[in-house]
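Some notes on the structure that comes next.
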There are 2 protein chains.
Amino acid sequence: MDQSTASPEERQDADLPFDVFSKRCPSRGLLEHATGRWGSLTLGALYEGSLRFNALRRRVDGVSEKMLSQTLHALERDGLVHREAQLVNPPRVDYELTPLGREVAERLLGLIHFVEGRMSEVLAARERYDAAREV
Amino acid sequence: MDQSTASPEERQDADLPFDVFSKRCPSRGLLEHATGRWGSLTLGALYEGSLRFNALRRRVDGVSEKMLSQTLHALERDGLVHREAQLVNPPRVDYELTPLGREVAERLLGLIHFVEGRMSEVLAARERYDAAREV
């Protein structure tokens, strides 16, 4: 984009070292981990408090063991989730948000509560869209 | 979850008619359209103003024509994006956010700018994670 015609917001973006709109920027991978199908629900669930794997799996309704495990590994590597293994028998592992993860989860929950609150509008829009395409 | 031990936030969630944590709730599909790999970037790009298909495709770096087309259809059906076809020759189609799409995009951009601004912490966390697993 021509910077001479860029809006103030675009110029601000250009000054940032990271830009999710660029396919090579590592921030895009982070955004995908945090907002992906299971990442957003995992972060939202952990915002309520630390949880063990099976409790987390029940809260994130529909996630498979494998997908939850992959999601947690990615979020742990990004520094958003902390994995705490306790040396007890039977072994006990808790997952909790890091301070950075908490800040991401807050913003995600803002979006989640917003879309939950406006779903009736969305359902009406879907009905109008489908009705306009019926012959 | 036992409601008698639920936090105030959880009880508030239980009163909402829609809940993304439930796999059958239609709000989960909306969240996925809005935060998916291409949905979030499409909404973020259109927040700057209406765009034609090819301009949008350049802004959402890396998206294929097919994926952008699918993304726009889903967002249009949800009532977040408006498609404006002008009867000119050659045909011209503009995409713009609806008022509801604008509110979703605002929250998404809040998250996007936040993660862009904290990427150096995330990169450091990834390095620590990988180093701890090297033999």
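Computed from the coordinates by the stated procedures, all read-outs in this text should not be read as laboratory data. Predicted, not measured: the structure shown is a model, and the values here were computed from it. Heads up, the Cβs are rebuilt from the backbone with ideal geometry, glycines too, and the neighbour counts pull from every protein chain shown.
A few notes on this one:
- Helices in the protein assembly as shown, meaning DSSP H runs of at least 4 residues, each add -39500 (n - 2.57). Divided by all residues, the mean residue ellipticity at 222 nm is -18000 deg cm²/dmol.
- Extreme residue, positive dipole direction of the protein assembly as shown, given options B:V115, A:M67, A:G29 (C-beta unit charges): A:M67
- Inter-copy label distances at A:A85, using a point 7 Å along Cα-to-Cβ, come to 5.8 nm with the shortest given first.
- Distances, shortest first, from the label point of B:S64 to those at the same position in the other copies read 2.2 nm; the point lies 7 Å along Cα to C-beta.
- For the pair A:D130 and B:E134, a Förster radius of 35 Å applied to the C-beta separation gives a FRET efficiency near 0.10, rounded to the nearest 0.05.
- Förster radius 35 Å - calculated FRET efficiency between A:R24 and B:E84, Cβ distance, rounded to 0.05: 0.65
- ³J(HN,Hα), Karplus 6.51/-1.76/1.60, whole Hz, each residue of segment B:29-43, x for Gly, Pro: x, 4, 4, 5, 5, 7, 10, x, 2, 9, x, 5, 6, 5, 5
- One decimal place: the segment B:S120-B:Q70 gains 14.7 nm when fully extended, by the rule 0.36 nm per residue minus the C-alpha distance.
- Within segment B:18-132: Cβ-based charge dipole about Cα centre, in debye rounded to nearest 20 (Lys, Arg +1; Asp, Glu -1): 280 debye
- Cross-link partners for A:K23 among the lysines, with Cα-Cα distance under 20 Å and sequence neighbours closer than 8 places in the same chain left out: B:K66.
- Using a 7 Å Cα-to-Cβ projection, B:E96 label spacings across copies, nm, ascending: 4.9
- Considering only A:L51, A:L111, A:L30, the mean-square fluctuation computed in a Gaussian network model of chain A, springs between alpha carbons under 10 angstrom, is largest for A:L111.
- Overall dimensions of segment A:23-133, expressed as equivalent-ellipsoid semi-axes from the Cα gyration tensor (√(5λ), whole Å, largest first), are 31, 17, 13.
- C-alpha center-to-center spacing [segment A:105-120, segment B:54-71] in angstrom: 25 Å
- Karplus 3J(HN,Hα) series, Hz, for segment B:120-132 with 6.51 cos²θ - 1.76 cosθ + 1.60 (x for Gly, Pro): 5, 5, 5, 5, 5, 5, 5, 5, 4, 4, 5, 5, 5
- Among residues of chain A, the one whose Cβ lies closest to the rotation axis carrying chain A onto chain B, together with that distance rounded to whole Å, is A:T35, 2.
- Candidates B:G39, B:G79, B:G62: whichever shows maximal mean-square fluctuation once chain B is modelled as a Gaussian network with Cα springs under 10 Å: B:G62
- Highest-MSF residue in chain A out of A:P90, A:P26, A:P99 [GNM, Cα springs under 10 Å]: A:P90
- Under 5 Å, built H, 5+ apart or other chain: amide partners of A:S22: none
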